[in-house]
Amino acid sequence: MNTASAPEVLRTDIPARLDRLPWSRFHRRIVIGLGTVWVLDGLEVTIVGAVASRLTEPGSGITLNSADIGTAAAVYVAGACIGALFFGQLTDRIGRKKLFMITLVVYLVATVLTAFAFAPWYFFLCRFFTGVGIGGEYSAINSAIDELIPSRVRGQVDLAINGSYWVGSGLGALAALLLLDQSLFASDIGWRFAFGLGAVLGIGILLVRRHVPESPRWLLLHGRVRDAERIVEQVEDEVRAETGAGLPRPPTRSPSGCAAICGTGTWSRSRSGATPTACSWVSRCSSGRRSSTTPWCSTSGRC
């Protein structure tokens, strides 16, 4: 007779530890490495709008008409929708970091190839995959930012990041003034450099993203508790070294599992029959009364 196993219950303080962190260089790296996708989108839309008339001119190196420009815009939007749907499912399955690296590479390759467009079908294809990369960025980035930024400033950060779309629009407009100036660039060269501009910005973002960790919350949901704990400890050490904030350190467990003693607290081990099921840290207030359970060596709760 088969009996259904009870669902596993995970008790952790990792989300709370991420939320209590003071603003630091780590969070700025998150904003720069992940939030700049909106700058890329604003840049892409503005650049294409600016070079559209040039692409329909004789001597541009590609034969397009006004209808083709409209088709390219529609293809870009369709690619963004498909990319968001496709990569949105993958980001929950294989992780935030893998996805926001993959989607940025897709965008980089597609926008560089656009610069070498020679025929309408090739131009449409490149614009489609550029949209796929941008749409995938949206699905992977929103989740990662919300899971890594402290809850007390999450709303302001989201608002600032989404508003950076117009920063990209401004950069695209300024770049177009120079790159479409025929006294500086030939009519079949300037618009190609315009698409390369997005790739240059994307490479810089890619270098920053190498140092952005996987979301500890995603790791927890997939049972990788030790990896999540390791990442949070590294972030806490970085923040502590930068700000000097008095973040309590987690006590180190002994090889036996629950034998560590820290300050005035002890590890306790819960059991189901003869099998240990969990270790929890119990700290005590100065009066000797027990406070709420925490996984680090500090007093929390009321006595």
Exercise. Quick check, is S187 touching a helix residue (DSSP H, G or I) at 6+ places or on another chain (Cβ under 7 Å), at pLDDT 70 or above and within 30 Å of A52 (Cα to Cα)?
Worked result: yes
Exercise. Considering the stretch 121-150 alone, what residues qualify as being open to solvent by 10 Å² or more (accessible area, probe 1.4 Å) and modelled with pLDDT under 90?
Worked result: Y138, S139, N142, S143, D146, E147
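Evaluate the following for L99: is it part of a helix (DSSP H, G or I), more than 17 Å from W191 (Cα to Cα), modelled with pLDDT under 90 and open to solvent by 20 Å² or more (accessible area, probe 1.4 Å)? Give the derivation first.
Details: part of a helix (DSSP H, G or I): yes; more than 17 Å from W191 (Cα to Cα): yes; modelled with pLDDT under 90: yes; open to solvent by 20 Å² or more (accessible area, probe 1.4 Å): no.
When the stated conditions are applied, L99 does not pass them.
Take the conditions of a type in the set (V, I, T), open to solvent by less than 20 Å² (accessible area, probe 1.4 Å) and more than 25 Å from I189 (Cβ to Cβ) and apply them to T91. Does it pass?
Working: of a type in the set (V, I, T): yes; open to solvent by less than 20 Å² (accessible area, probe 1.4 Å): yes; more than 25 Å from I189 (Cβ to Cβ): yes.
Answer is yes for this residue.
For residues in the stretch 15-53 being under 28 Å from A110 (Cβ atoms) and hydroxyl-bearing (S, T, Y), which is surrounded by the most Cβ atoms within 10 Å (Cβ to Cβ)?
Looking only at the stretch 15-53, we keep the residues that are under 28 Å from A110 (Cβ atoms), and these are 29-53.
Then drop every residue that is not hydroxyl-bearing (S, T, Y), which leaves 36, 46, 53.
Numbers: T36: 24, T46: 22, S53: 13.
The residue in question is T36.
So is F118 crowded, with 17+ Cβ neighbours inside 10 Å and either within 29 Å of H222 (Cα to Cα) or out of contact with any strand residue (DSSP E or B) (no Cβ under 7 Å at 6 or more places or on another chain) (or both) or not? Quick ask: steps written out before the conclusion?
Details: crowded, with 17+ Cβ neighbours inside 10 Å: no; either within 29 Å of H222 (Cα to Cα) or out of contact with any strand residue (DSSP E or B) (no Cβ under 7 Å at 6 or more places or on another chain) (or both): yes.
For F118, the condition - crowded, with 17+ Cβ neighbours inside 10 Å and either within 29 Å of H222 (Cα to Cα) or out of contact with any strand residue (DSSP E or B) (no Cβ under 7 Å at 6 or more places or on another chain) (or both) - is not met.
The values are calculated or read from the model by the stated rules, or taken from the named source; none is laboratory data. Since we're looking at a predicted model, the values are computed, not measured. Using ideal geometry, Cβ is built from the backbone for each residue, glycine included, and neighbour counts are taken over all protein chains shown. Quick note on the areas: whole protein, heavy atoms, side chains included, nothing else; ligands and nucleic acids left out. Shrake-Rupley method; radii C 1.70, N 1.55, O 1.52, S 1.80 Å.
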